[in-house]
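This report concerns only the one structure given below.
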Amino acid sequence: MIKRFLRSTWDWARPYLTIKMIPCLLISWVITNGWAYVFIVVGPMIGATWMTVAGSTWAAILWMPWTLEKPLITIPLAGLIYRLIYRKKFEKKKVDKNVDRET
């Protein structure tokens, strides 16, 4: 049962494991995490305490060991961005069994 689950997970993830996915992951990371680090740096520079507090709070939440932000938000968002950019639906190609194979 575990082997079947791992195989189906691998079959689902395989189309996403390409070089084209890296920019999508980076965009997704900036949307979900990067803003917090920018707020932490820029907030004190411009004197916006609220930016420093908001960025620090979100970064602290992300660094907690039980935070499931990556598998629940960042990675699915990257998959959505990938689909929007490349307009692909990752469905298995159906093989026509009626076509004669030449040997």
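A straight chain from Glu69 to Arg14 at 0.36 nm per residue would run longer than the Cα-Cα distance by 17.7 nm. Annotation: peptides 73-83, 15-25, ranked by per-residue average of other Cβ atoms within 10 Å with the highest first, follow the order 73-83, 15-25.
Extension gain for Val38 to Thr57 (0.36 nm times residue separation, less C-alpha to C-alpha distance): 5.6 nm. Extension gain, Ile27 to Tyr86: 0.36 nm times the residue separation minus the Cα-Cα distance gives 19.8 nm. About its Cα centre, the stretch 1-76 has a charge dipole of approximately 460 debye under the convention of +1 per Lys or Arg Cβ and -1 per Asp or Glu Cβ, with nothing else charged. The value for the stretch 21-86 of Rg(Cα) / (2.2 N^0.38 Å) is 1.25.
A short reminder: the numbers here are calculations on the coordinates, not readings from a lab. Remember, predicted model here, so these are calculated numbers, not experimental data. Note: ideal-geometry Cβ built from the backbone for every residue, glycine included; neighbour counts use all protein chains shown.
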